[in-house]
Amino acid sequence: MNTPGLPLIDDQAAPVERADAARNRAKVLAAAARLFADRDPRTVTMDDIAKAAGVGRGTLYRRYPDVGSIAVALLDDHEKALQEQLLRGEPPLGPGAPPAERLAAFYAAMLELLDTHANLVLGAETGGARFRTGAYQFWAVHVRMLLVEAGVAEPDALVDALLAPLAAEVYRQQRDRGLSTDRIAAGLARIAHGVLDSPRP
């Protein structure tokens, strides 16, 4: 059963893929993952990926319009797993816990994803691209739902502010300054409880 207000995860089977197309897709994703891991994803170009994958530019562009879409494809399984936990997992990440606890748990889960896949997130969400991803829209709906459940006034004015600390650039900056993931999570939990535990009328 889907949590009210949250977009449904697409559980429909994908169209059948030709064997050669599947091989090319696998080569592209593997090459992009290596490039994203080895250098700043913001410097990776489509030409870099095509050369590393050993495919033509036309083959690459037929499936992926830009580098960000390739990073999104690599992140997709990880983000869908987290979405599933938010919809149907155990509390506090899943339904059943108070809104502030759920937001704190969401922060912790997102930090874990960033800790493991920060380079992919940087590739997918650099600058304004972050706000156009389907995952960001899902997170925004989830956070807004928690604000509404907690009775917070003007929830729409707070959604992006509460998601801002989860930008990959912000996370990398904090880690570069020597902050551990646990310390960052503790700070975000304070924000979650400060905003959602005592909402103003």
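Since every read-out is calculated from the coordinates, none of them should be taken as a lab result. Since the model is a prediction, treat every value here as computed from it, not as a measurement. Cβ coordinates were reconstructed from backbone atoms using ideal geometry, including for glycine residues, and neighbour counts include every protein chain displayed.
Each part reduced to its alpha carbon centroid, the range 165-198 and the range 47-124 end up 19 Å apart. If you take all other residues with their beta carbon under 15 Å from the beta carbon of ALA105, and give Lys and Arg +1 and Asp and Glu -1, the sum is -4. Put a plus charge on the Cβ of each Lys and Arg, a minus charge on the Cβ of each Asp and Glu, and nothing anywhere else: the dipole of the chain about its Cα centre is then about 600 debye. The mean sequence separation of alpha-carbon pairs under 8 Å and at least six residues apart, normalised by the residue count of the range 66-196, gives a relative contact order of 32 percent.
Look at [x] 33, 20, 13; [y] 30, 19, 15; [z] 26, 21, 15: the one that is semi-axes √(5λ) of the Cα gyration tensor in Å derived from this structure is [x]. Relative to the Cα centre, the charge distribution of the range 14-65, modelled as +1 at Lys and Arg Cβ and -1 at Asp and Glu Cβ, gives a dipole magnitude of about 120 debye.
The HN-Hα couplings worked out from phi for the range 42-55 by the Karplus form 6.51 cos²θ - 1.76 cosθ + 1.60 (θ = phi - 60°) are 5, 9, 6, 10, 5, 4, 4, 5, 4, 5, 5, 7, x, 10 Hz, whole numbers, x standing for Gly and Pro.
The ranking of GLU79, GLU169 from fewest to most other beta carbons within 10 Å of each one's beta carbon is GLU169, GLU79.
Could you tally the net charge around MET46, taking each other residue with its Cβ under 13 Å from the Cβ of MET46, Lys/Arg +1 and Asp/Glu -1?
Local net charge: +1.
Counting Lys and Arg as +1 and Asp and Glu as -1 over every other residue whose Cβ lies under 14 Å from the Cβ of ARG144, the net charge comes to -3.
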